[in-house]
Each structure stands twice: as structure tokens, then as C-alpha cells.
Amino acid sequence: MLPVSGRSVASPRSPHSSRLGRATVVAAALMPLLLGLASGGAARAIPRLDLTPYPAPAAGERRWVIQLPGVLPPNADPRLSPSPSDWRVELIVGRELEVDCNTRSFGGKVRRETLQGLGYSFYRVKDVGPVVSTRMACPLGSVSRKAFVPMGSKPFVLPYSASLPIVIYAPKALDVRWRLWKAERVQRPANVL
């Protein structure tokens, strides 16, 4: 007997097997291949992560890597574009800090650099400034908490591409997060004045 999807089916060489049993065994063996071809298996594969062309992090830095998925689940909102060419990735650099009712921020820049000879892009966080804070008196009984404080610069947004990883070098004190931006399908006309 051969196990197929939790059931036992007679082996094709068994004298008691039927044509239906043979067909079930063959279909079970070919199902992963057929499903892969029907869904465009090779076209949707996520590329293998290879960081050998990228430099090692410098002293005092960490290397962060974002491997974007080749296929995302469909969006339930019909107003949003399903095409990755309409999507963007925002890099959010920040740090975990003890915060209270005051607002905290710090400055810095994300710079794009290119690997010589390959043309691959990577990103480096530079010119990180000190954390500044407002100095309001907090209400009595308020408690401080840990929170992620993003770097207070303009948003750094990249095109969505699953073919290469997004590689970011940042000082060890910082963390890197990301979020996905999707465009609406609707294009609105501008006014001519």
C-alpha cells in the first residue's frame, strides 16, 4: 500500500489494485509539478539571497537585508493596483527609546551607493544626529515606555523589486524597518489653469 494524502492506496504492482488506484498514485506524484506549472512556478520564485557582492559592514555598523516576496497575497481592496510596478518600499530607520509624553526625534540621511562593476545599489545611513526632545511636563501618573522613534528625515522610498535584496548599512544603535506602499488604480485628471 502507498500513502497518498493520508489514505492508503493499493500499489500499482499489486494484483488487487484497480485502474483507479493507479491513476490516484500517478496523479498524486504529478500534482506538485502540475500545480507549479499552472501557477507559473519558475516565474514566481523568490531569488536566492546572495550577499557576496556586497561589502561587509564597517566597524560600528550592521548590515540589514530586506528580501521582498515575489508574490504577495491578493488585496481585498479593488481600488488598489495589484501590479508590483505601482508599489513602493519605504525604509524606516530608527531606534528603540524610553519615551514619555514628550516628542523625540533625531536627524540623519539615507544615501544610495552603487557597487562598482555590478551596478547593484545599496544604502548607507549617514549623518545621524543626537536625539532631541520637547521638554513638556508630563501629567501626574504617566509612565514611560519603550517605543520605536523613526529618524526625522524625509521618507526614503524605493521601487518594489523582488529580483535583488535591499541592503542597508546603519550604525549599530539603529534598527531598520520597512513598509509597503500601494498605488490606487484610478488616475485622476489634473486641472489646466
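Laid out as a table, the results:
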read-out: Residue within the range 119-127 that is hydrophobic (A, V, I, L, M, F, W, C) and exposed (fewer than 15 other Cβ atoms within 10 Å of the Cβ) present; value: no
read-out: Neighbours by Cβ (under 8 Å, 6+ apart or cross-chain): first from the range 53-82, assigned by TED's automatic domain parsing to the domain that holds Ala170 and touching a residue at least 60 places away in the same chain (Cβ under 8 Å); second in a loop (DSSP other than H, G, I, E, B) and among the β-branched types (Val, Ile, Thr); value: Gln67/Ile46; Pro69/Ile46; Gly70/Ile46; Arg79/Val186
read-out: The range 73-99 - residue that is closer than 15 Å to Trp178 by Cβ and not charged (D, E, K, R) and, of those, surrounded by the most Cβ atoms within 10 Å (Cβ to Cβ); value: Val93
read-out: Filter pass, Lys146 being under 15 Å from Trp64 (Cβ atoms) and over 19 Å from the mean Cα position of the chain (by Cα); value: no
read-out: Considering residues of the range 162-193 that are more than 29 Å from Ala59 (Cβ to Cβ) and surrounded by 15 or more Cβ atoms within 10 Å (Cβ to Cβ) only, the residue modelled with the lowest pLDDT; value: Ala162
read-out: Residue within the range 49-59 that is in contact with a Ser or Thr (Cβ under 7 Å, 6 or more places away or on another chain) and either loosely packed, with under 13 Cβ neighbours inside 10 Å or assigned to a loop (DSSP other than H, G, I, E, B) (or both) present; value: no
read-out: Segments classed as strands (runs of 3 or more DSSP E), wholly inside the range 92-193, with at least 3 members that are under 26 Å from Asp77 (Cβ atoms); value: 156-159, 175-182
read-out: Some residue of the range 71-90 being at pLDDT below 50, charged (D, E, K, R) and out of contact with any helix residue (DSSP H, G or I) (no Cβ under 7 Å at 6 or more places or on another chain); value: no
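The values are calculated or read from the model by the stated rules, or taken from the named source; none is laboratory data. Worth saying up front: this structure is predicted, and the values here are computed from it rather than measured. Quick reminder, even Gly has a Cβ in these numbers, built from the backbone with ideal geometry, and neighbours come from all protein chains shown.
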